[in-house]
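Report on the structure given below.
The values are calculated or read from the model by the stated rules, or taken from the named source; none is laboratory data. Just so it is clear, the structure is predicted and the values come from calculations on it, not from any experiment. Cβ atoms come from the backbone with ideal geometry, glycine included; neighbour counts cover every protein chain shown. Just so you know, the surface numbers come from the protein's heavy atoms only, side chains and all, with ligands and any DNA or RNA stripped out. Shrake-Rupley method; radii C 1.70, N 1.55, O 1.52, S 1.80 Å.
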Amino acid sequence: MDGANQAWIGIDVAKATLDLHILPAGQAQHLPNTDAGHGQLRKLLPPPSTCLIVLEATGGYERQLVADLTDAGYKVPVINPKRARDFAKALGLLAKTDRIDARVLALFAEKVQPAPSEKTPEKQAEIQQLVARRRQLIDLRTQESNRWDVMPAKAARKSIQSVINTLEAEIRGIEKLIEALLESDDEWRSKAELIESVPGLGGVTATTVIADVPEIGKLNRQQISALVGLAPYNRDSGAMKGKRSIGGGRKSVRCVLYMAAMAARRSNPVIKAFADRLAQHGKPFKVIITACMRKLLVILNSIVKSGRPWMAQTTS
């Protein structure tokens, strides 16, 4: 518990609005999510050293506000919306409005006191957004390709192919921007080379890890697995032993690690031997591939931490 905090603040962020709740005063305010609204908000807040402000991750609508508040010296944890919802249910607060959500976040700040989020450097934010945009464009291309397969009409197929061609051009453009950004940073370029030295891993895995796991190489194996959402959690109660499962974390990273694990199972001798050993013990495919994803992540973490590529790791 931080005895310096005298106020606990929750801010529910929507595309166009902000709902503020300050405890213990119980003050509530509804403001526009604009530069002017951010200015009004800061006038309502107590000094940075006396409060903790909690927001939910909202897919990007909160980023500018978080940056503004962090620049002003405020401690601003950004939490997963599921944590806030589960917390509200535990308190018996089943109704859900922006005003109620702001109060729940203020209560969460008071009772849980989560660690403040670190400010994302501008360059890191740029590569994160470019990698996310590439992922969105690929999803759109896949949707159009699926439509092409079930559209026999020539005119419809021509239209779909035109959209696919446009999307492919956009993807190539985004990839060039990502490549240029990586080349502009010695640390990122070095990380990419280390990651791509692992058999089965390529540029997509490297850029996603660099963009979405800036902590790679700075944590231990348990911490990095939990961060990405690849640490198995127990589901036991009394004599009942439930199945272990993963959850939370960073979905975008798990998606690329899934594809990387599939490739590594064929081309990476360490991962192949590991997967074969699990299969011989009767483990189902889902368990095997998840374990391979986790092992790959731990290997990447170790390689980046040591600064030694794959061959140096395996022959030393």
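Worth a mention:
- Local net charge near Asp212, Cβ-Cβ under 11 Å (Lys/Arg +1, Asp/Glu -1): +3
- Antiparallel DSSP beta bridges within the chain, percent to nearest 5: 65
- In this structure segment 1-115 gives 49 Å² per residue of accessible area when probed at 1.4 Å with all protein chains present.
- Sites Lys43 and Arg250, calculated FRET efficiency, Cβ-Cβ separation with R0 35 Å, nearest 0.05: 0.50
- Protection proxy ranking of 33-45, 104-116, 205-217, 267-279 - average other beta-carbon atoms within 10 Å, highest first: 205-217, 104-116, 267-279, 33-45
- The order of the peptides 18-27, 179-188 by mean Cβ neighbours within 10 Å, most packed first, is 18-27, 179-188.
- Probe 1.4 Å, all protein chains present, accessible-area order of Tyr74, Tyr61, largest first: Tyr61, Tyr74
- 1.4 Å probe accessible area per residue over segment 150-228, in Å²: 54
- Taking label points 7 Å from Cα along the Cα-to-Cβ direction, Ala4 and Lys283 give a separation of 4.5 nm.
- Accessible surface of the chain, 1.4 Å probe: 54 percent of it comes from carbon and sulfur atoms.
- A simple rule links phi to the HN-Hα coupling: the Karplus curve 6.51 cos²θ - 1.76 cosθ + 1.60 with θ = phi - 60°, which for segment 190-196 gives 5, 4, 4, 5, 5, 5, 6 Hz, with x for Gly and Pro.
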